[in-house]
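Written out below as structure tokens is the structure these notes cover.
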Amino acid sequence: MNKPVTEPVRASFTNLISLYYFATRPAFLSATLVACMLGLAGAAYSGVAIQPLTAVMTVLLALLVHAGVNVLNDYFDALNGTDASNFERLYPFTGGSRFIQNGVLTLTQTMYFGYLLLAAAMLGGLWLVFQVSDGLLLLGALGMFIGWAYSASPLRLNSRGLGELCVLLGFLGMVAGTDFVQRRSFSFESLIVGMPYALLVTNLLYINQFPDRKADASAGKHHLVVRLPLNLAVWLYLLLAVLALLWITAMVGIGHLPDLTLLSAQPLLLSVRAFWLLRQFAAEPEKLLPAIKLTLASMLSHALLLTLIMLWNTP
């Protein structure tokens, strides 16, 4: 049996570097790292010569943005009270980082840290724009705005039922932005490569909202899991997984992706298993941890397989 993950307390951290590092929820940053890998692999598959310096900088800046968005999400969820009232959370996947609630960081420290991360990403992004193209400025600004507006007042897009769309566009934008830096122009090929992964990342956010449903509803955070009847909400999870499968099949069928790409669809069977568990236990959040882990495994396995397949087929 897996040992439960212990929530953070101030005494757990021996220095400020480790404290602030874990405040970013680094395990979730793997989603951004993999998105950048997909973008680089897609560019290489198209015959673009990868520039190591700009590739590394793209990954680092994307991670900074994601880290900043995670920290600010904790800040704004502390303001609206959802994390404090979340007694059905499945840490570390749902209910926030618990840094504010457990007294590791104050509200003010969290706010300043989140905006500092975004400011650092902006400065690095400007350097990257000068190296690549002005078009990157618009793409980067849109991505950062979506990440901020997801939870920040007054927009609070996730509370308005638009959070899933934000995640879909945000991660699709990460793949497209990484590809843009290498091509120095926009290509629809990056959307073809990134769409299934973006749908699967959206599914991870979506299933994570089921344990948070009651707390979010009481705090006025009305995302789709809150807005939809519970027996109907579970089917949206399956729809997103099916759309990812159909996209992969269609893109292979019309020749935009190599035939081997169908292998990257195999991990979606994990999403089917997760859906089955979600359908059984949607009203019993304490039993959803295996379904969340299956969703994460499906998402990452698909992306890693697709990355390897495209690199294998690089001209």
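The values are calculated or read from the model by the stated rules, or taken from the named source; none is laboratory data. Nothing here was measured: the structure is a model prediction, and the numbers come from that model. With ideal geometry, Cβ positions are generated from the backbone for all residues, glycine too; neighbour counts draw on all protein chains shown. The protein model used for the area step is the full one, side chains on, heavy atoms only, and it has no ligands, DNA or RNA in it. Shrake-Rupley method; radii C 1.70, N 1.55, O 1.52, S 1.80 Å.
Return the calculated 222 nm mean residue ellipticity for the chain, to the nearest 500 deg cm²/dmol, obtained by summing -39500 (n - 2.57) across DSSP H runs with n ≥ 4 and dividing by the residue count.
After summing the helix terms and dividing by the residues of the chain, the value is -22000 deg cm²/dmol.
Given the options Leu155, Leu200, Leu64, which has the most mean-square fluctuation in a GNM of the chain, springs set between C-alpha atoms less than 10 angstrom apart?
Largest GNM mean-square fluctuation: Leu155.
How far apart, in nanometres, would the label points at Leu116 and Trp276 be if each is projected 7 angstrom from Cα along the Cα-to-Cβ direction?
Result for the modelled spin labels: 4.8 nm.
What net charge do the residues around Arg98 carry, taking every other residue with its C-beta under 9 Å from that of Arg98, with Lys and Arg at +1 and Asp and Glu at -1?
Net local charge, Arg98 excluded: -2.
Given q = 0.16, 0.19, 0.21, 0.26 Å⁻¹, what are the Debye log10 I(q)/I(0) values for the stretch 197-242, with equal point scatterers placed on the Cα positions and solvent ignored?
Here log10 of I(q) over I(0) equals -0.40, -0.55, -0.66, -0.93.
For the stretch 198-239 and the stretch 44-98, compute the distance between their C-alpha centroids and round to whole Å.
19 Å
To make sure I understand the rule: partners must be aspartates and glutamates, Cα under 20 Å from the Cα of Lys287, and not fewer than 8 residues away in the same chain. Which ones qualify?
Candidates past the 8-residue exclusion: Glu7, Asp83, Glu88, Asp212, Asp216.
What is the sum of charges around His222, taking Lys and Arg as +1, Asp and Glu as -1, for the other residues whose C-beta is under 11 Å from the C-beta of His222? Could the numbers behind the result be given before it?
Values: positive: Arg156, Arg160, Arg213, Lys221, Arg227; negative: Asp216.
So the surrounding residues net to +4.
How do Thr54, Thr108 stack up against each other in accessible area, from largest to smallest, with a 1.4 angstrom probe?
Thr108, Thr54
In the stretch 1-119, with Lys and Arg counted as +1 and Asp and Glu as -1 at Cβ, which of these residues, Phe99, Val69, Thr6, has the Cα nearest the positive end of the dipole, that is, farthest along it?
Farthest towards the positive end: Thr6.
Report the net charge of residues surrounding Asp83, where surrounding means a beta-carbon distance below 14 angstrom and charges are Lys +1, Arg +1, Asp -1, Glu -1. Let's see the in-between values first.
Details: positive: Arg25, Arg89, Arg98, Arg213, Lys214, Lys221; negative: Glu7, Asp74, Asp77, Glu88, Asp212, Asp216.
In short, 0.
First compute the accessible area of the chain with a 1.4 Å probe, then give the percent of it belonging to carbon and sulfur atoms.
The C+S portion of the solvent-accessible surface of the chain is 71 percent.
Pulled fully out, how much extra length does the chain show between Glu284 and Ala27, if you take 0.36 nm times their separation in residues and subtract their Cα-Cα distance?
90.0 nm
What Kirkwood Rh does the chain have if only Cα atoms enter the pairwise 1/r average? Answer in Å.
Taking every pair of different Cα atoms in the chain, averaging 1/r and inverting gives 19.9 Å.
What number comes out for accessible area per residue over the stretch 38-112 if the probe is 1.4 Å? Units Å², please.
With all protein chains present, the stretch 38-112 gives 38 Å² per residue.
Give the accessible area for Arg213 in Å² (nearest 10); use a 1.4 Å probe, count only protein heavy atoms, and leave out ligands, DNA and RNA.
For Arg213, solvent-accessible area is about 60 Å².
Considering the options Leu19, Leu53, Met251, tell which one lies farthest towards the positive end of the dipole of the chain, charges being +1 on Lys and Arg and -1 on Asp and Glu at the Cβ, about the Cα centre.
Value computed over the given set: Leu19.
Based only on Cα atoms, what mean projected area does the convex hull of the stretch 6-111 have, in nm²?
Convex hull of Cα atoms, orientation-averaged projection: 8.1 nm².
Report the full-extension gain for the segment Thr314 to Val9: residue separation times 0.36 nm, less the Cα-Cα distance, to one decimal in nm.
Stretched out fully, the Thr314 to Val9 stretch lengthens by 105.1 nm.
List the equivalent ellipsoid semi-axes of the stretch 84-190 in whole Å, largest first, each obtained as the square root of 5λ for an eigenvalue λ of the Cα gyration tensor.
Here the semi-axes work out to 31, 17, 12 Å.
Considering all projection directions equally, how large on average is the shadow of the alpha-carbon convex hull of the stretch 106-147, in square nanometres?
Its Cα hull, projected and averaged over all orientations, spans 2.9 nm².
Distance in nm between label sites at Leu155 and Lys293, each 7 Å beyond Cα in the beta-carbon direction?
The modelled label-to-label distance comes out at 3.6 nm.
Under a Cβ-only charge scheme (Lys and Arg +1, Asp and Glu -1), can you give me the dipole magnitude of the chain about the Cα centre, in debye to the nearest 20? Write down the numbers at each step before the final one.
Working: 17 positive and 14 negative charges, 78 e Å.
Value, rounded to 20: 380 debye.
Suppose every K and R has +1 on its Cβ and every D and E has -1 on its Cβ; what is the size of the dipole of the stretch 1-140 about the Cα centre, in Debye to the nearest 20?
The calculation lands at about 280 debye.
Just by accessible area at a 1.4 angstrom probe, what is the order of Arg89, Arg25, Arg279 from largest to smallest?
Largest to smallest exposure gives the sequence Arg279, Arg89, Arg25.
Taking every pair of distinct Cα atoms and averaging 1/r, then inverting, what Kirkwood hydrodynamic radius in Å comes out for the stretch 212-289?
It works out to 14.3 Å.
Anything in the chain that counts as a DSSP H helix reaching 24 Å or more along its axis (C-alpha) with Kyte-Doolittle mean of at least -1.0? List them, would you?
Helices meeting the criterion: 52-80, 107-131, 163-183, 188-208, 230-253, 289-312.
For Ser264, Ser18, write out the residues from largest to smallest accessible area, computed with a 1.4 angstrom probe and no ligands counted.
From most exposed to least exposed: Ser18, Ser264.
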